[in-house]
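Down below is the structure, laid out as structure tokens.
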Amino acid sequence: MKKIVYLFTTFPKASETFLQREIEVLAKDRELSLELYSFIKGDGESFAGCPLRHLGLKDWAKAVLGLVRMIICHPCLVGKGLFRILTSPPRSLTNAGEQILGVVFALSHCATFRQRPPDRFHAVWATGPATAALLLHKLTDIPFSMEAHAYDIYRRGGDCLLLPKLRNADFIRTSTQAAAKELVRRGAVPEKVHLIRRGLVDLPPDRQRNSRKGPLRLLSVGRLVPKKGFQFLLEIASALAAREVDFHLRLVGDGPLWNHLQEKINQVGLSRKISLTGKLPMEEVWRSHRWADFYLFTGCVAPDGDRDGFPNVLGEAMASGAVVLSTEVAGTSEGVQDKETGRLLPFGSPEPWVEALLELKEDSEQQENLRANALHWVQQNFDARQNAGELGRLHKTFFTA
């Protein structure tokens, strides 16, 4: 049995249920033993039968002692690290904080991993977790693998240490073709980059939709942050209201733009048409998916360069039976193919969205075709058991090569 130390920023986290589904599948693999480490405390001391440990205050004290030892025992490594930071500094305070968390974890746990070495470190993000994995690799010679997704690659130019991480990792997992191409462009060896999507363990029930009269039921789910394009979503709603289309839009999520969006909803007089629900339990989110006729994704490239890859909520919406209308950003078109599995529409111009919704409302046959094709894509590409199993095989391939 091979022991893999999984490194997370925060785990488990309500907005990252896709990671929980993946760990649940991998934990059942009898050839793998997982130990989970979360830098920021999630819930519980175990998950899916795997031990779950968190970075605590004592670890910060250990990190100081670890830094002193590293300066004495590995001065060249310290020098190289300082040179790298000076020549490629963190591009934001957030990225700086991520690097600090990774370094603190590595320094505070290095002695433990020397005494009880795992077979591999696996970083689920290319930010702090991969910083920890890279430093531990340099200090212990234990190999590591990593994942790199849209936030890691694009936000403010991506993680400041992305290149050395890509060069030193055994393999790199990403979940969209767009991200895979960008990683190669950034310097990753093509053979190291593996496209493995996320997914669902079980398809939601009650997918059958009947044509019905009444208001359009519209849904959008996500953190209230710039890359989700919710300001434009409100423009679409205003355009529908201007055309006297009867609708109700349910916007599920929480985040820094809450007050701004609520004020905008009130300003345009749509408080009776739009429900800003805040964060909901996953059962309630699924209930909203089943309620909706159409799912609207208005993602865009944020001013800081951040964007979504293929948002997991799109796969969830496609699985639930809501017809998906989406912008074409990063990897969305890999699942939402125009007039095949959904509709791809331009960001910033609400009228095409209004026309598409009115057309679909009157064309139940087109709706059913889109739903059937979307379900087929989900079954082929968004199965968590299949995809996590592929990641598990990749782990074992590197042990036996």
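The values are calculated or read from the model by the stated rules, or taken from the named source; none is laboratory data. If you're wondering where the values come from, they're calculated on a predicted model, not measured in any experiment. Neighbour counts are summed over all protein chains in view; Cβ atoms, including those assigned to glycine, are modelled from backbone coordinates with ideal geometry.
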**Q.** From the options Leu34, Leu67, Leu77, residue that is of a type in the set (A, V, I, L, M) and in contact with a Cys (Cβ under 6 Å, 6 or more places away or on another chain)
**A.** Leu34
Q | Residue that is nearest to Leu370 (Cα to Cα), among those in the stretch 303-331 that are hydrophobic (A, V, I, L, M, F, W, C) and assigned to a loop (DSSP other than H, G, I, E, B) | A | Ala322
Q. Out of curiosity, is Asp152 assigned to a loop (DSSP other than H, G, I, E, B) and surrounded by 15 or more Cβ atoms within 10 Å (Cβ to Cβ)?
A. no
Q | Test result for Lys192, without any contact (Cβ under 8 Å) to a residue 24 or more places away in the chain and either among the charged types (D, E, K, R) or touching an Asp or Glu at 6+ places or on another chain (Cβ under 8 Å) (or both) | A | no
Q) Of these, Ala123, Ala130, which one is closer than 22 Å to Arg198 by Cα and touching a Lys or Arg at 6+ places or on another chain (Cβ under 7 Å)? A) Ala130
Q: Could you please find all residues in the stretch 371-396 being over 19 Å from Thr176 (Cα atoms), under 25 Å from the mean Cα position of the chain (by Cα) and either outside any helix (DSSP H, G or I) or not assigned by TED's automatic domain parsing to the domain that holds Lys28 (or both)?
A: Arg371, Asn373
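The rows are residues; the columns are (1) without any contact (Cβ under 8 Å) to a residue 40 or more places away in the chain; (2) loosely packed, with under 15 Cβ neighbours inside 10 Å.
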residue	(1), (2)
Leu19	no, no
Lys28	yes, yes
Leu32	no, no
Ile40	no, yes
Ala63	no, no
Q | When residues of the stretch 202-215 are limited to those that are at pLDDT 60 or above, of a type outside the set (S, T, N, Q) and within 29 Å of the chain's Cα centre (by Cα), the one farthest from Phe294 (Cα to Cα) | A | Asp202
(Q) With the condition being among the small types (Gly, Ala, Ser), I'd like the strands (runs of 3 or more DSSP E) fully within the stretch 156-258 carrying at least 1 qualifying residues. (A) 216-221
Q: Go through the residues of the stretch 263-277 one by one and say whether even a single one is in contact (Cβ under 8 Å) with a residue 24 or more places away in the chain and within 23 Å of the chain's Cα centre (by Cα).
A: yes
Q.
Please return the ranges of helices (runs of 4 or more DSSP H) entirely within the stretch 1-117 where 1 or more residues are within 28 Å of Phe398 (Cβ to Cβ) and in contact with a Pro (Cβ under 9 Å, 6 or more places away or on another chain).
A. 17-26, 75-87, 93-115
**Q.** Residue in the stretch 355-377 that is surrounded by fewer than 19 Cβ atoms within 10 Å (Cβ to Cβ) and within 28 Å of Tyr154 (Cα to Cα) present
**A.** no
